[in-house]
2 protein chains.
Amino acid sequence: MARTSGSHSEITGPRLRAAAQALFARHGYAAVSMRRIAAEVGVQAGALYNYIPDKQGLLFELMKSHLDELLAAWEALPKGTGARDALEAFTRFHVRFHLDRPDAVFIAYMELRNLEPANFRAIEALRRRYETVLEDILRQGAAEGAFDVADSKHAAFAVIAMLTGVTTWYRDEGRLSRAEVEDLYWSMVRKAVSA
Amino acid sequence: MARTSGSHSEITGPRLRAAAQALFARHGYAAVSMRRIAAEVGVQAGALYNYIPDKQGLLFELMKSHLDELLAAWEALPKGTGARDALEAFTRFHVRFHLDRPDAVFIAYMELRNLEPANFRAIEALRRRYETVLEDILRQGAAEGAFDVADSKHAAFAVIAMLTGVTTWYRDEGRLSRAEVEDLYWSMVRKAVSA
DNA sequence: AGAGTATCTGAACGCGCGTTCAGTTCAATC
DNA sequence: GATTGAACTGAACGCGCGTTCAGATACTCT
């Protein structure tokens, strides 16, 4: 159990997760050693095992907490009624959430193949739940005649891929503000599924 | 220099590249050892160094030849005149080309961070050239009034991200044929940039 | 048959990996 | 001031890594 006021350095747990997230995102899970992470935290490698079961468990926890947070944040969002409003809310939410967590997003998309089978299945299930959110919006909109989407599942994949791609080029110092980026993507998504 | 009819097993070079491509795509560059690749080829690890300078050079060559082929294939394609036809040609070409080479695509998008700086710059330049192809199509179409695209550069990023995403879900045994997948994406791209 | 050469083996190199653990440090508690 | 126990160190464990290279092998060419 962690103490409330530590002896040596305290708050090592959160710093461990932050350091691992940054390093995994930058260099990849397989290319980052426990010693490298420990150095970032300012500790010897062995000390990390007071906070994690092993390296694989560290990766899994980073990915799981990211997806848990993603789903929780979406569910906490106040919803409108129509499919069009829901799609706009989803688009803006997705762009904003992903721009706020570039490292976590990168890891969640790139390190799937480094998960052990059981962990992989758990993460895939969470991701699938999120994809289903958009899929349901598109299906409902198509049923109402608001959208022209023949295949809501694959359309959802296409839209999510497009939106997630924002993390590959957006920079805070760049020409576009976050609001402008949201508008840009919403304009493309809206037209792409329009009747 | 490779011989035209070998002594021990011959054609080791191409088999090496094929094995490395499959393994890198499945497990990641950093997670695949030279000994693992050698075992796949049916040879000891040392023998691989008759064909490559080192592991990094192998990765670089895989990525470079993929992007060279991509650009060459696009340039070899017969072109129509208008922006709309060009966009349709690009969309269908991109989907088809990427579905034909899932492993190479995966590597080219995921292993960028494992490239040494000089190699990274070379690969990025090729990727940038390809993005510019679409960017120019969108800009021309916007100038002609055929498209409504305020920012052709970022719209190009968004479209390419959407199209490349096809490799994450398409399976040959799946419900949709390649032609149907092309149609699905073309329908979304066409509407997304339409005036 | 003999020379030449492309190919590959098998062993070795130094190194860093993930993980474990006995022992040390030190704030909090009694 | 003695005891507790979480946090951490530092060394060690076996192992696999990328790469090198002397020597063996098996083919082509003269």
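The values are calculated or read from the model by the stated rules, or taken from the named source; none is laboratory data. Owing to the predicted nature of the structure, the values given are computational and were not obtained by experimental measurement. When we count neighbours, we look across all protein chains shown, and the Cβ atoms used for this are built from the backbone with ideal geometry, even at glycine. These accessible areas exclude ligands, DNA and RNA; they are computed on the full protein's heavy atoms, side chains included. Shrake-Rupley method; radii C 1.70, N 1.55, O 1.52, S 1.80 Å.
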Relative contact order for the stretch A:8-52, counting Cα pairs under 8 Å that sit 6 or more residues apart, in percent: 35 percent
The stretch A:55-192, accessible surface, carbon-and-sulfur percent (1.4 angstrom probe): 54 percent
0 to 90° range, to nearest 10: angle between helix B:55-76 axis and chain B longest Cα axis: 40 degrees
Exam field: residue B:175 pseudo-label spacings to other copies (7 Å along Cα-Cβ), nanometres: 4.0
Global size of the stretch B:93-142 as Cα Rg and Dmax, reported in angstrom: 13.1, 38
The stretch A:140-195: GluC sites (Glu not before Pro) in DSSP loop, at most 14 other beta carbons within 10 Å: A:173
Between helix A:12-27 and chain A: long-axis angle, C-alpha atoms, 0 to 90°, nearest 10: 60 degrees
Sites excluded, trypsin sites (Lys or Arg not before Pro) in DSSP loops with at most 11 other C-beta within 10 Å, longest stretch of chain A: A:80-170
Cα-based shape type of the protein assembly as shown, given that a ≥ b ≥ c are square roots of the gyration tensor eigenvalues and the cut on a/c is 1.5: oblate
Size of the B/A contact, given as accessible area buried on both chains, probe 1.4 Å, in Å²: 2500 Å²
Calculated label separations, residue B:47, copies of the chain, 7 Å along the beta-carbon direction, nm: 4.9
5 angstrom amide H check on residue A:147, placed H, neighbours 5+ away: A:142
Choice from B:104, B:25, B:76 with maximal GNM fluctuation in chain B (Cα, 10 Å cutoff): B:76
Phi-based couplings in Hz for the stretch A:40-51 (Karplus 6.51, -1.76, 1.60; Gly and Pro marked x): 5, 7, x, 8, 7, 4, x, 5, 4, 6, 7, 10
Crossing angle, helix A:117-144 versus chain A [Cα axis fit, 0-90 degrees, rounded to tens]: 20 degrees
Label spacing, shortest first and in nm, from residue B:85 to its equivalents in the remaining copies (7 angstrom along Cα→Cβ): 4.6
Charge tally in the Cβ shell below 14 Å around residue A:194, where Lys, Arg are +1 and Asp, Glu are -1, residue A:194 excluded: +1
Among A:174, A:28, A:42: highest mean-square fluctuation, GNM of chain A, C-alpha pairs under 10 Å: A:174
Under 14 Å, Cβ to Cβ, from residue A:86 - net charge with Lys/Arg +1 and Asp/Glu -1: -1
The stretch B:5-88 - Rg over Rh from alpha carbon coordinates, Kirkwood radius: 1.17
Between the stretch B:27-85 and the stretch B:105-169, the alpha-carbon center distance in angstrom: 19 Å
Using alpha carbons only: equivalent-ellipsoid semi-axes of chain B, gyration tensor based, whole Å: 37, 17, 15
Solvent-accessible area of residue A:74 with every protein chain in place, 1.4 Å probe, in Å² to the nearest 10: 20 Å²
For the stretch A:8-52, the Rg and Dmax computed from alpha carbons only, in angstrom: 9.8, 30
Radius 12 Å from Cβ of residue B:75, net charge of other residues (Lys, Arg +1; Asp, Glu -1): 0
Per residue solvent-accessible surface (Å²) - the stretch A:55-192, probe of 1.4 Å: 44 Å²
Average beta-carbon neighbours from other chains, 10 Å sphere, peptide B:81-90: 0
Within 10 Å of each Cβ in B:150-159, the average number of Cβ atoms from other chains: 5
Accessible area in square angstrom per residue, the stretch A:8-52, 1.4 angstrom probe: 57 Å²
